[in-house]
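Notes follow the structure.
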Amino acid sequence: MNPHYTHDPQTLLLHPPLGYAYMSRALKRAGHEVIHVDLPFEGNSPAALIPRLDELRPDLVGVTSVAQSYFHALEIARTVRAWNPTTPVVFGGPHVSFISSECLTRHDCVDYVLLFDAEDSIVSLAAAVEAGADTAGLAKVPGLAFRDGNGVRVTPPEPPEMELDRYGLPDRDIFDMRNYLDYDYETVVMTARGCPSRCTFCSTTIAGRAARWNGPAHVVDEMEIVARMGFSSIFFGDDTFSGDPRRAVAICEEIQRRGVSIPWTSNMRAQDARPQVIDAMRKAGAYRVFVGFESIQEQTLRLVKKGTSPARLYKTAARIMDSGLELHASFIVGAPGDSPETLSATMDFVRLVNPTVATFNVMEPRPGTDVFSNPSKYGITIPDRYWYETTSWLDMPVCHNDEMSALDIRDWVSRCYDEFCSPDFRSTSHLRRLTPVKEQWDEAAEQVQRHLPLIRTAS
């Protein structure tokens, strides 16, 4: 099931959780019946689950979560346990993959935790549960945490599957797609797992374990399917659509070859915004890219291993927007080394870059990341180690740095949005003030351009 939210889910982007759809495909192939309960659309509370449990009488209940939905996943597990103490509950997803023992030790409402990719292991777990869920059977399930007589036992996960096409297309039949169509004209497609980067604040890339890709034909097959469903736009939710530039260009060529005309948007690392890739994406229907700029401070980018530089970020923004693509630029407020002075400089950078959309997010250190494991190394303080077991992150940042308190960071997020949305944000007086700064950025960007590597594509 898709967990509920503390607040109105209609204020958020709601897309089908495709991780379930891939597991459903594998379970159905093994002869099991799969039902998905979409709580954001079905009452948005754990209580709304009870009638569905009465109706379905499930043999196994699966819940995924990221750090921000872990509190709600636990509420669901407690609801299932109260409904029937013998119905097993399994957790999975990028968050619990790093806290599997902690989860089972602290929360007896959860019976199992599956680590990382679960298409194959969920089938093995279902077979073990069907056979009685004894220790010997559970021990054969790869990437499974469970309780035995000695505490929590965790079996080694299988190596990451490098040929993603083996999993087939996601089973969207388990979703009521009418709800998503009524809610949004756009839907999500995933074409990769993992990321070539190893940013020290990002658990998603670590959970992916290795950068892996679907083939171009598979990607365009899925595009055609969601277009026939009635969606008029696609968001490629990969960490970076063009992490393999040759594959990105090949996908764009396949889109054009088949005459697929649905517009689309994607995430992209700054270092992946090569001219050939940008040009191919634009020709194939891309209209916007999301780039995590995070910081414009050289020292911060180096510390968090962002793999880029302020000058490259500036050049990337210009290249994307000069191509005719819209730019969604995202920044972290309260990153290591952030101060009121650096954030003022960030807002001036945004004034010069002039992205179509800008978002400003607080840092949320997550299990699995070096920032979470070694906060002092980054000048970060995390007052509550288990912040993800609450919803306090909705009201106040869960960490702060040496220069700014949590309240300072929250106030600066509001200030950044207020400034960006102000009609005075790029006034003549502001731009005149920034003329010397712009000249410095332009010179730095020209040096980046002179050293930019080209790529050779199959075409």
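The values are calculated or read from the model by the stated rules, or taken from the named source; none is laboratory data. Computed from a prediction, not measured in an experiment: that's the story for all the values here. Note that we place each Cβ from the backbone using ideal geometry, even for glycine, and neighbour counts take in every protein chain shown. Accessible surface areas use protein heavy atoms only, side chains included; no ligands, DNA or RNA. Shrake-Rupley method; radii C 1.70, N 1.55, O 1.52, S 1.80 Å.
Relative to the longest principal Cα axis of the chain, at what angle does helix 406-421 sit, 0 to 90 degrees, rounded to 10?
Its long axis makes an angle of about 60 degrees.
Quick check for me: using +1 on Lys/Arg Cβ and -1 on Asp/Glu Cβ, what's the dipole size of the chain about its Cα centre, in debye to the nearest 20?
Details: 46 positive and 60 negative charges, 251 e Å.
Dipole of the chain, to the nearest 20 debye: 1200 debye.
Does region 328-459 come out rounded, prolate or oblate, given a ≥ b ≥ c as the square roots of the eigenvalues of its C-alpha gyration tensor, rounded meaning a/c under 1.5 and, failing that, prolate meaning a/b above b/c? Numbers along the way, then the final one.
Details: a/c = 2.15, a/b = 1.39, b/c = 1.55.
Taking the square roots of the gyration eigenvalues as a ≥ b ≥ c, region 328-459 is oblate.
How large is the charge dipole for region 316-442, taken about the Cα centre, if only the Cβ atoms of Lys, Arg (+1) and Asp, Glu (-1) carry charge, to the nearest 20 debye?
Working: 11 positive and 19 negative charges, 57 e Å.
Taking the Cα centre of region 316-442 as origin, the dipole is about 280 debye.
Listed highest first by mean packing, meaning other Cβ atoms within 10 Å per residue, what order do 1-14, 60-73 come in? Display every interim value, and only then the final one.
On the way: 1-14: 15.8, 60-73: 21.8.
Top of the packing list down: 60-73, 1-14.
With the crude spin-label approximation of a point 7 Å out along Cα→Cβ, what separation in nm comes out for Ser422 versus Arg282?
3.2
Note down the magnitude of the dipole of region 111-220 about its Cα centre, charges +1 on Lys and Arg C-beta and -1 on Asp and Glu C-beta and zero elsewhere, to the nearest 20 debye. Mind dumping the intermediate values first?
Details: 10 positive and 17 negative charges, 107 e Å.
The calculation lands at about 520 debye.
If you look for lysine pairs in the chain that are eight or more places apart or on different chains, how many of them have Cα atoms under 22 Å apart?
Values: Lys28/Lys140; Lys283/Lys315; Lys305/Lys315; Lys305/Lys377; Lys306/Lys315; Lys306/Lys377; Lys315/Lys438.
Qualifying lysine pairs in the chain: 7.
Can you give the calculated 222 nm mean residue ellipticity of the chain, where each DSSP H run of n ≥ 4 adds -39,500 (n - 2.57) and the sum is split over every residue, rounded to the nearest 500 deg cm²/dmol?
Taking each H run of at least 4 residues, the total per residue is -11500 deg cm²/dmol.
Residues in region 128-162 near a label at Asp59, defined as backbone nitrogen under 16 Å from the 7 Å Cα→Cβ point?
So the set is 128-134, 137-138.
Which residue, chosen from Gly137, Thr369, Ala210, occupies the Cα position most advanced towards the positive end of the dipole of the chain, where the dipole is computed from +1 (Lys, Arg) and -1 (Asp, Glu) charges on Cβ about the Cα centre?
Projecting each Cα onto the dipole axis, the largest value belongs to Ala210.
Please tell me the relative contact order of region 323-459 in percent, rounded to the nearest whole number, where contacts are Cα pairs under 8 Å and at least six residues apart. Working shown, then result.
On the way: 126 pairs, mean separation 35.3, N = 137.
Reported as a whole number, the value is 26 percent.
Through the Karplus equation 6.51 cos²θ - 1.76 cosθ + 1.60, θ set to phi - 60°, convert the phi angles of region 234-239 into ³J(HN,Hα) values in whole Hz; use x for Gly and Pro.
Values, residue by residue: 10, 10, 7, x, 4, 4 Hz.
How about the chain: what cysteines have no other cysteine beta carbon under 4.7 Å from their own?
Singleton cysteines: Cys103, Cys109, Cys195, Cys252, Cys399, Cys416, Cys421.
Given the options Gly324, Leu169, Ile409, identify the residue whose Cα lies farthest towards the positive end of the charge dipole of the chain (+1 on Cβ of Lys, Arg; -1 on Cβ of Asp, Glu).
Gly324
Where does helix 70-83 land angle-wise versus the long Cα axis of the chain, in degrees 0 to 90, nearest 10?
The answer is roughly 20 degrees.
Helix 310-322 sits at what angle to the longest principal axis of the chain, using alpha carbons and giving 0 to 90 degrees rounded to 10?
90
In whole percent, how big is the carbon plus sulfur part of the accessible area of region 317-459, probe 1.4 Å, protein atoms only? Each step should come with its number before you reach the end.
On the way: 3570 of 7160 Å².
C and S atoms contribute 50 percent here.
Just grab the label-to-label distance for Arg178 and Val154, each label 7 Å out from Cα along the Cβ direction, in nm (one decimal).
It works out to 4.4 nm between the two label points.
Which residue, chosen from Val61, Leu114, Thr435, occupies the Cα position most advanced towards the positive end of the dipole of the chain, where the dipole is computed from +1 (Lys, Arg) and -1 (Asp, Glu) charges on Cβ about the Cα centre?
Going by the Cα projections, it comes out as Thr435.
Please list, in chain and number order, the residues 5+ apart from Ile380 or on another chain whose amide H is under 5 Å from its amide H, with Hs placed from the backbone.
For Ile380, no residues qualify.
Using alpha-carbon pairs under 8 Å, 6+ residues apart, how would you state the relative contact order of the chain in percent? Please report the intermediate quantities before stating the final value.
Numbers: 766 pairs, mean separation 53.4, N = 459.
Computed over the chain, the figure is 12 percent.
List the residues, sorted by chain then number, that are 5 or more residues from Met363 or on another chain and whose placed amide H is less than 5 Å from its amide H.
Close amide H contacts, sequence-distant or interchain: Val333.
Amide H of Ala210: which non-local residues (sequence gap of 5 or more, or other chain) have their own amide H closer than 5 Å, using H built in the peptide plane?
Here the answer is Cys195, since their amide H atoms fall under 5 Å of that of Ala210.
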